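Colleague: Have a look at this one.
The values are calculated or read from the model by the stated rules, or taken from the named source; none is laboratory data. Every value quoted in this text rests on a predicted model; they were computed, and no experiment measured them. Glycine gets a Cβ as well: all are built from the backbone with ideal geometry, and neighbour counts include every protein chain shown. Accessible surface is based on the protein model in full, side chains and every heavy atom, while ligands, DNA and RNA are left aside. Shrake-Rupley method; radii C 1.70, N 1.55, O 1.52, S 1.80 Å.
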Amino acid sequence: MKKIYISGCGGMLGEAFYEVFRAGSVLKCTDIDVNAPWLSYLDIRDLDAYRKDVTAFRPDYLFHLGACTDMEDCERNPGNAWLTNTTAVENAAYIANELGIPLLYIGTAGIFDGHKPLFDDWDTPNPISCYARSKYAGEVFVREHVARHLVCRAGWMMGGGPAKDKKFVQKIMHQLSRGATELQIVNDKFGSPTYTRDFAHNVRSLLEKEYWGVYNMACDGLTNRLEIARAILELRGLQDQVRIAEVPSSHFSAEYFAQRPPSECLINAKLSLRQLNQMRHWKLALKACLDDYYGAC
Ligand SMILES: NC(=O)c1ccc[n+]([C@@H]2O[C@H](COP(=O)([O-])OP(=O)(O)OC[C@H]3O[C@@H](n4cnc5c(N)ncnc54)[C@H](OP(=O)(O)O)[C@@H]3O)[C@@H](O)[C@H]2O)c1
């Protein structure tokens, strides 16, 4: 069985990686937020501790998942954003190179500026926020310094349920669970949802083939926040009880002040060319996500 060290594994994607990879692999999963019995503590910003922990485990692969994913927090604390999203990735690259093992890094669709409707694997990034700049710097370092690297770029992540999902789907589900009868949804942001479990499965297929490099890896189908909110209401049978009020993103600018591109839509061109695009259409993946984490309706 292959041994995999997964750092930053306590978040929404980490939970899916744990579920998908624990069958057939020996895992060591770490995070600064030790929120499950299968996690132990490791701060990826601490190179000595990171190196010591990974080296002691002697893995076949290093998966580096940890990041500061709160975009407003990154704007408020840029030093920590760079330390967590860039320098810590450099730490992972050093360790992978020292041990001669492949490194997986999770990139983001947010590295594009959104000034065209969709982005393939070869489009040139132009990040416009601190989060995106720091994540892109991490991606570039991995690409330039680790021979056997996988950089898989996700879009709007969904998965993890009430315990772990910090993003849009859980924000909507939280409002619904509290009996909301109106949802205010932005009508000017386009993107690609990415179901955490589908993402983890597709990473596993790429690893098995050893197709190293950079891959867009988002759900099929381009969409926007409004469509996703409408789909959630329909899937939960609430379309007649809950009204959607369309608002521009400027409506939330006090709370969400980090700059977000108008479009973060990805197409998985390289995965398709390699006949390895296993990402489902976002509507199917959304249904699976709601069923898996909130119970079937
Ligand atoms: N969420 C998205 O929409 C999205 C989209 C594209 C790409 N990604 C990327 O996907 C990866 C996984 O993110 P996610 O979606 O699972 O977000 P997440 O739920 O925020 O998980 C990230 C985990 O990393 C942890 N972490 C933060 N600083 C750390 C440190 N210094 N040392 C160790 N762990 C640390 C976080 O702990 P705390 O919660 O305590 O900070 C959290 O448990 C990240 O690289 C992210 O940039 C995410």
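Colleague: Rolling a 1.4 angstrom probe over the protein heavy atoms, how many square angstrom per residue are accessible across the chain? Show your work: numbers first, answer last.
Modeller: Values: 13000 Å² over 297 residues.
Averaged over the residues of the chain, the accessible area is 44 Å².
Colleague: FRET efficiency for K116 and D73, Cβ-Cβ distance as r, R0 = 22 Å, nearest 0.05? If you can, show how the numbers build up before the last one.
Modeller: Values: r = 28 Å, r/R0 = 1.29.
My answer for the efficiency is 0.20.
Colleague: Also, quick follow-up: Counting only helical runs of four or more DSSP H residues, what would the 222 nm mean residue ellipticity of the chain come to if each run contributes -39,500 (n - 2.57) and the total is spread over all its residues?
Modeller: Helix contribution divided over all residues of the chain: -11500 deg cm²/dmol.
Colleague: Now for a separate question. Please check which bits of segment 1-30 a label hung off S40 would reach, taking the label as a point 7 Å along Cα-to-C-beta and the cut-off as backbone N under 11 Å.
Modeller: Counting backbone N atoms under 11 Å from the label point, the list is 28-30.
Colleague: Name the residues whose placed amide hydrogens come within less than 5 Å of the amide hydrogen of D188, ignoring near sequence neighbours (fewer than 5 apart) on the same chain.
Modeller: Placed amide hydrogens put S249 under 5 Å from D188.
Colleague: If you line up the long axis of helix 225-235 against the longest principal axis of the chain, both from Cα atoms, how many degrees apart are they, to the nearest 10?
Modeller: It works out to around 80 degrees.
Colleague: Could you point to the residue in I267, N202, S7 farthest towards the positive end of the chain's charge dipole, with +1 and -1 charges on the Cβ of Lys/Arg and Asp/Glu respectively?
Modeller: N202
Colleague: Taking 30 Å as R0, compute the FRET efficiency from the Cβ-Cβ separation of K2 and H174 and round it to 0.05.
Modeller: Numbers: r = 37 Å, r/R0 = 1.24.
In this case the efficiency is close to 0.20.
Colleague: Report, in degrees rounded to the nearest 10, the 0 to 90 angle that the Cα long axis of helix 168-177 makes with the longest principal axis of the chain.
Modeller: For helix 168-177, the angle is close to 50 degrees.
Colleague: Tell me which residues come under 5 Å, amide H to amide H, from L150 once H is placed; ignore anything under 5 positions away on its chain.
Modeller: L103, L104, Y105, G213
Colleague: As an exercise, use a Förster radius of 30 Å and the Cβ-Cβ distance of T55 and H201 to find the FRET efficiency, rounded to the nearest 0.05. Spell out each step's value before the answer.
Modeller: Numbers: r = 29 Å, r/R0 = 0.96.
Calculated value: 0.55.
Colleague: Are there cysteines in the chain with no second cysteine's Cβ under 4.7 Å away, and if so, which?
Modeller: C68, C152, C219, C265, C289, C297
Colleague: Still on this structure: Could you check how many percent of all C-alpha pairs in segment 59-134 are farther apart than 20 Å? Each step should come with its number before you reach the end.
Modeller: Working: 1173 of 2850 pairs.
For segment 59-134, the share of Cα pairs beyond 20 Å comes to 41 percent.
Colleague: Still on this structure, please answer the following. Calculate the all-directions average of the projected area of the chain's alpha-carbon convex hull, and give it in nm².
Modeller: Result: a mean projected hull area of 14.5 nm².
Colleague: Under a 5 Å amide H to amide H cut-off, with H placed in plane at 1.01 Å, what residues pair with T223 once short-range neighbours are removed?
Modeller: Long-range HN contacts for T223: G191.
Colleague: Of the peptides 179-189, 25-35, how do they stack up when ordered by the mean number of other Cβ atoms within 10 Å, highest first?
Modeller: Ranked by mean Cβ neighbours within 10 Å, highest first: 25-35, 179-189.
Colleague: Could you please state how large a percent of the accessible area of segment 163-235 is carbon and sulfur, counting protein chains only and using a 1.4 Å probe?
Modeller: Ligands and nucleic acids excluded, carbon and sulfur reach 45 percent.
Colleague: What does the extension gain come out to for N126 and E90, with contour length at 0.36 nm per residue minus their alpha carbon separation?
Modeller: 10.9 nm
Colleague: For the Cα atoms of the chain, what angle does the longest principal axis make with the long axis of helix 88-99, in degrees from 0 to 90, nearest 10?
Modeller: Roughly 40 degrees between the two axes.
Colleague: With θ set to phi - 60°, apply the Karplus curve 6.51 cos²θ - 1.76 cosθ + 1.60 along segment 55-69 and write out the HN-Hα couplings as whole Hz, x wherever there is a Gly or Pro.
Modeller: 4, 5, 7, 6, x, 8, 9, 10, 9, 10, 9, x, 6, 8, 9
Colleague: Another question about this same structure. What nm value, rounded to one decimal, do you get for the distance between Y211 and A23 when each label is placed 7 Å out toward the C-beta?
Modeller: Placing both labels 7 Å along Cα→Cβ, they lie 2.2 nm apart.
Colleague: Would you kindly derive the ³J(HN,Hα) couplings of segment 186-202 from the backbone phi angles with the Karplus curve 6.51 cos²θ - 1.76 cosθ + 1.60 (θ = phi - 60°), listing them in order in whole Hz, with x for Gly and Pro?
Modeller: So the Karplus estimates, Gly and Pro as x, are 6, 10, 10, 10, 10, x, 10, x, 9, 7, 4, 6, 4, 4, 5, 5, 5 Hz.
Colleague: Let me ask something else about it. Placing one identical point scatterer on every Cα of segment 37-176 and ignoring solvent, what is log10 I(q)/I(0) from the Debye formula at q = 0.08, 0.17, 0.21 Å⁻¹?
Modeller: -0.24, -1.02, -1.35
Colleague: Which order do the peptides 202-215, 4-17 take when ranked by the mean count of other beta-carbon atoms within 10 Å per residue, highest first?
Modeller: 4-17, 202-215
Colleague: Order K166, K171, most accessible first, counting only protein heavy atoms with a 1.4 angstrom probe.
Modeller: Values: K166 130, K171 85 Å².
Descending accessible area places them as K166, K171.
Colleague: Output ³J(HN,Hα) for segment 237-242: one whole-Hz value per residue in order, computed from phi by the Karplus curve 6.51 cos²θ - 1.76 cosθ + 1.60 with θ = phi - 60°, and x for Gly and Pro.
Modeller: 3J(HN,Hα) across segment 237-242, in whole Hz: x, 10, 4, 8, 9, 10.
Colleague: Still on this structure, I have one more. Looking at the chain, send over the antiparallel percent of its DSSP beta bridges, to the nearest 5.
Modeller: In the chain, DSSP labels about 5 percent of beta bridges as antiparallel.
Colleague: Radius of gyration and Dmax for segment 174-297's Cα atoms, expressed in Å?
Modeller: 16.6, 49
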